[in-house]
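Asker: First the structure, which I've put down as structure tokens, then a few questions once you've had a look.
The values are calculated or read from the model by the stated rules, or taken from the named source; none is laboratory data. Just so it is clear, the model here is predicted, and its values are computed rather than measured. Reconstructed Cβ throughout: ideal geometry from the backbone, glycine too, with neighbour counts over all protein chains shown.
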Amino acid sequence: MPIYESEVAKMFSFARPYQKEFDFKLKRYSEQFEEIKKAYEQIDELNFIPKTIECFDQTFKNNKLSKMKKLDFIFWSAGKIKTRQQQ
């Protein structure tokens, strides 16, 4: 399963739900999580970023990570870069 983390969410342009109601927040976060999961599955199935995955594997040799975890790291890293650029 993918992670739900602020840097990953940023890459999907997700905003935090500011409503106080717990059930509303949970529903919104669950919807966002499902979007991330579907996007990762499509990226994997359609082989959208083979050079990025190859670069990851060359940088982190013998990493034994699933494609999902590699995508987590790639999107998290991209979110960190985006944050730095916005500052």
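Asker: Does segment 15-31 contain at least one residue that is acidic (Asp, Glu) and either touching a residue at least 60 places away in the same chain (Cβ under 8 Å) or buried (at least 16 other Cβ atoms within 10 Å of the Cβ) (or both)?
Answerer: no
Asker: Let me ask another. Limited to segment 8-46, what total is found for residues that are under 13 Å from residue 71 (Cβ atoms), assigned to a helix (DSSP H, G or I) and not basic (Lys, Arg)?
Answerer: First, pick out the residues of segment 8-46 that are under 13 Å from residue 71 (Cβ atoms): 8, 11-12, 36-46.
Restricting the remaining residues to those that are assigned to a helix (DSSP H, G or I) gives 8, 11, 36-45.
Add one more test, that the residue is not basic (Lys, Arg), and what stays is 8, 11, 36, 39-45.
Qualifying residue count for the region: 10.
The rows are residues; the columns are (1) at pLDDT below 95; (2) surrounded by 15 or more Cβ atoms within 10 Å (Cβ to Cβ); (3) out of contact with any His (no Cβ under 8 Å at 6 or more places or on another chain).
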site	(1), (2), (3)
38	no, no, yes
42	no, no, yes
46	no, no, yes
57	no, no, yes
71	no, yes, yes
79	yes, yes, yes
82	yes, no, yes
87	yes, no, yes
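Asker: What pairs come up if the first residue lies in segment 51-67 and is free of Cβ contacts under 8 Å to residues at least 40 places away in the same chain, the second is of a type in the set (Asp, Glu) and in a helix (DSSP H, G or I), and their beta carbons are under 8 Å apart, counting only those six or more places apart or on different chains?
Answerer: 63/57; 67/44
Asker: Sticking with this structure for a sec: What number of residues within segment 57-86 satisfy the criterion of being charged (D, E, K, R) and within 13 Å of residue 44 (Cβ to Cβ)?
Answerer: 4
Asker: Separate question: Return yes when residue 63 is under 17 Å from the mean Cα position of the chain (by Cα), farther than 18 Å from residue 4 by Cβ and part of a loop (DSSP other than H, G, I, E, B) and no when it is not.
Answerer: no
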